[in-house]
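The values are calculated or read from the model by the stated rules, or taken from the named source; none is laboratory data. Remember, it's a predicted structure, so these values are computed and weren't measured experimentally. Quick reminder, even Gly has a Cβ in these numbers, built from the backbone with ideal geometry, and neighbours come from all protein chains shown.
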Ligand code: G6P
Ligand code: ZN
């Protein structure tokens with residue numbers, strides 16, 4: 001049967017500029033006729049070379065995932081793409097998709113996800129486009145896609161019925177091969193090359209109490225393959241491990257607020273040695289030890305300091321990178337161990353050139369993202385395995401012991417992020433302006449015991465290709481001691497969100513185990529004096545502190 005290519009007239013939508021990580025909107029925006037199709041066609045029109053090539057497609061399983069995948073397949077077939085690799089049941093975690101793109105040298109991939117944003121008919125949906133090599137499309141490309149989306153007049157699709165995504169194997173759609181894969185095998189094979197599975201197996205077998213919470217999202221099947229099938233842990237280590245289209249009605253963001261039950265069990269009631277959680281599409285992670293939460297910046301620093309116990313980085317690392325607002329705990333490790341440290345704008349895509357060039361091997365962000373050069377996305381389960389590998393290499397030491405040891409060597413960067421969500425766009429801008437206008441006068445000024453040594457609006461020149469990113473957040477720096485950072489979120493779907501990041505280094509032994517809030521409250525007061533956030537927005541509390 002020869003299916004017909006249909007050309008369907010359309011008119012542009014004016015809001016298809018991608019944010020920090022893909023095009024993310026409310027589900028009902030994506031349900032508008034032609035909305036998703038216009039975006040996909042804009043990608044196809046802007047990014048040549050898809051003919052005779054491979055495309056990887058999958059998503060986090062949220063509501064609308066299945067509908068969107070069938071649309072993508074029908075359009076890919078009309079485009080003349082030779083082969084599409086699709087995750088079984090339409091599921092691919094973001095890092096597993098990146099791995100498949102790399103493994104099959106695919107020309108690109110689509111991941112359907114709005115990350116940790118809630119799902120369901122009233123929730124969010126999203127689409128991320130990745131290029132050859134497995135990293136998200138760079139800004140030059142997303143700008144071109146946006147320009148195309150403003151001028152689009154038609155798109156093409158093959159007139160075919162939906163195909164069954166539940167059966168692993170090959171099928172044809174017009175002239176295109178559709179290969180449905182169980183990506184948990186490929187992904188777990190990759191993890192076995194990175195970590196010492198024998199050592200982790202022994203740890204898990206030694207009475208070590210561990211739990212992993214998939215938050216009803218995509219990592220459940222991957223976690224089962226890794227922890228239960230390959231590492232021999234009982235099924236009971238898995239929590240919420242069956243992906244649901246509404247993520248069980250929850251907010252699959254692994255932090256102390258949205259994974260509160262797990263945090264209560266491990267941090268407050270101290271019932272387990274170690275626990276972790278991941279987000280909707282499997283790229284974020286949260287690490288908990290008996291009695292403590294490991295902040296993402298600390299987790300990155302500890303992993304970077306200890307890669308030699310992990311087979312994937314047995315020879316150490318050439319360099320590491322963090323996004324600008326992420327704590328400088330990593331820099332302290334780099335300085336002492338003598339590897340390169342890079343500071344990039346928020347967004348994983350800024351790490352990719354450095355990873356490709358071999359300049360960095362480990363990187364991470366305050367937004368609960370950690371990863372390495374094994375793929376070109378952050379990777380939640382990779383971080384969990386890195387911690388298990390580290391714990392296995394230090395028999396008898398707890399997470400708390402490892403942290404104390406780390407802080408004793410490098411000092412402790414106390415850290416908090418205060419989010420002010422759902423602000424009016426003009427209020428958020430006014431707060432940014434209030435601080436921006438003072439930046440040039442701040443150096444030399446004293447605030448309590450702190451003196452400003454530098455203050456600027458962060459701009460980045462990529463050391464590999466010279467591309468520039470401006471307006472990446474405001475920073476007020478008090479030497480190596482403290483920092484205040486203020487930036488506008490690039491991932492929200494309603495209103496504007498401001499993020500205020502506070503960081504303070506303490507190095508004396510007696511200062512290593514203070515309550516974070518106690519250390520950072522004076523800095524929060526200084527920040528508020530500088531940007532007048534409370535007065536301008538009328539909010540006396542952040543909506544969320546992580
Ligand atoms: C996504 C990206 C991350 C980034 C985060 C920042 O999760 O994948 O790389 O750090 O967004 O989001 P924000 O809302 O702060 O712009
Ligand atoms: Zn995510």
Item to check | Scan of the range 272-314 for residues that are assigned to a loop (DSSP other than H, G, I, E, B), farther than 27 Å from residue 337 by Cα and within 16 Å of ligand 1 (Cβ to nearest atom), ordered by number | outcome: 279, 280, 281, 282, 283
Next on the checklist: If I ask for residues that are within 16 Å of ligand 2 (Cβ to nearest atom) and in contact with a strand residue (DSSP E or B) (Cβ under 6 Å, 6 or more places away or on another chain), which ones from the range 50-90 would you list?
Outcome noted: 58, 59, 61, 65, 87
Checklist outcome for this item: Scanning the range 82-100 residue by residue, those out of contact with any helix residue (DSSP H, G or I) (no Cβ under 8 Å at 6 or more places or on another chain) and either away from ligand 1 (no atom under 16 Å from the Cβ) or assigned by TED's automatic domain parsing to the domain that holds residue 250 (or both) turn out to be 82, 83, 89
Item to check | Qualifying position, being surrounded by fewer than 16 Cβ atoms within 10 Å (Cβ to Cβ), on the phi > 0 side of the Ramachandran plot and over 26 Å from the mean Cα position of the chain (by Cα), among 479, 422 | outcome: 479
Next on the checklist: I'm checking my understanding of the structure. Among residues of the range 16-30 that are in a loop (DSSP other than H, G, I, E, B) and either surrounded by 14 or more Cβ atoms within 10 Å (Cβ to Cβ) or free of Cβ contacts under 8 Å to residues at least 12 places away in the same chain (or both), which one is nearest to the chain's Cα centre (by Cα)?
Outcome noted: 21
Item to check | Residue list for the range 425-462, restricted to those being exposed (fewer than 14 other Cβ atoms within 10 Å of the Cβ), in contact with a helix residue (DSSP H, G or I) (Cβ under 9 Å, 6 or more places away or on another chain) and over 22 Å from residue 535 (Cα atoms) | outcome: 449
Item to check | Residue under evaluation residue 248, criteria (1) in a loop (DSSP other than H, G, I, E, B); (2) within 20 Å of residue 126 (Cβ to Cβ); (3) more than 17 Å from the chain's Cα centre (by Cα), criterion not met | outcome: (1)
Checklist entry - Which of (1) crowded, with 20+ Cβ neighbours inside 10 Å; (2) in a helix (DSSP H, G or I) is the odd one out, the single condition residue 414 does not satisfy? => result (2)
Checklist outcome for this item: Note on residue 290: of the conditions (1) touching a helix residue (DSSP H, G or I) at 6+ places or on another chain (Cβ under 8 Å); (2) buried (at least 22 other Cβ atoms within 10 Å of the Cβ), unmet is (2)
Checklist outcome for this item: Of the residues in the range 321-370, those that are within 13 Å of ligand 1 (Cβ to nearest atom) and in a loop (DSSP other than H, G, I, E, B) come to 324, 325, 326, 345, 346, 347, 348, 366, 367, 368
Next on the checklist: Any residue that is in a helix (DSSP H, G or I), more than 30 Å from residue 194 (Cβ to Cβ) and under 26 Å from the mean Cα position of the chain (by Cα) - is there at least one of those in the range 432-442?
Outcome noted: yes
Checklist outcome for this item: When the range 70-88 is checked residue by residue, the ones that are closer than 23 Å to residue 217 by Cα and surrounded by fewer than 21 Cβ atoms within 10 Å (Cβ to Cβ) are 70, 71, 88
Checklist entry - Is there a residue being modelled with pLDDT under 95 and under 20 Å from the mean Cα position of the chain (by Cα) anywhere in the range 259-268? => result yes
Checklist entry - Restricting the search to the range 211-235, which residues are crowded, with 19+ Cβ neighbours inside 10 Å, in contact with a strand residue (DSSP E or B) (Cβ under 8 Å, 6 or more places away or on another chain) and farther than 14 Å from residue 380 by Cβ? => result 211, 224, 233
Checklist outcome for this item: Of the candidates 327, 367, 295, 372, the one satisfying the condition of being touching a strand residue (DSSP E or B) at 6+ places or on another chain (Cβ under 8 Å) and within 16 Å of ligand 2 (Cβ to nearest atom) is 367
Checklist entry - Quick check: is even one residue across the range 175-184 under 28 Å from residue 236 (Cβ atoms), in contact (Cβ under 8 Å) with a residue 24 or more places away in the chain and surrounded by 15 or more Cβ atoms within 10 Å (Cβ to Cβ)? => result yes
Checklist outcome for this item: Subset of the range 512-527, residues free of Cβ contacts under 8 Å to residues at least 40 places away in the same chain and in a helix (DSSP H, G or I), comes to 518, 521, 525
Checklist entry - Which residue pairs have Cβ atoms under 8 Å apart, sit 6 or more places apart or on different chains, and have a first residue in the range 348-373 that is under 16 Å from residue 138 (Cα atoms) and in the same structural domain as residue 334 (by TED's automatic domain parsing) and a second that is near ligand 1 (Cβ under 9 Å from one of its atoms) and modelled with pLDDT of 95 or more? => result 348/283; 348/365; 348/369; 348/377; 348/378; 350/323
Item to check | Filter pass, residue 67 being closer than 20 Å to residue 173 by Cα, modelled with pLDDT of 95 or more and crowded, with 23+ Cβ neighbours inside 10 Å | outcome: no
Checklist entry - Within the set of pairs 6 or more residues apart or between chains, which connect a residue that is crowded, with 24+ Cβ neighbours inside 10 Å inside the range 300-314 to a residue that is part of a helix (DSSP H, G or I) and modelled with pLDDT under 95 with Cβ atoms less than 8 Å apart? => result none
Next on the checklist: Within the range 92-133, take every residue that is over 14 Å from the mean Cα position of the chain (by Cα) and under 16 Å from residue 380 (Cβ atoms) and give me the one that is surrounded by the fewest Cβ atoms within 10 Å (Cβ to Cβ).
Outcome noted: 99
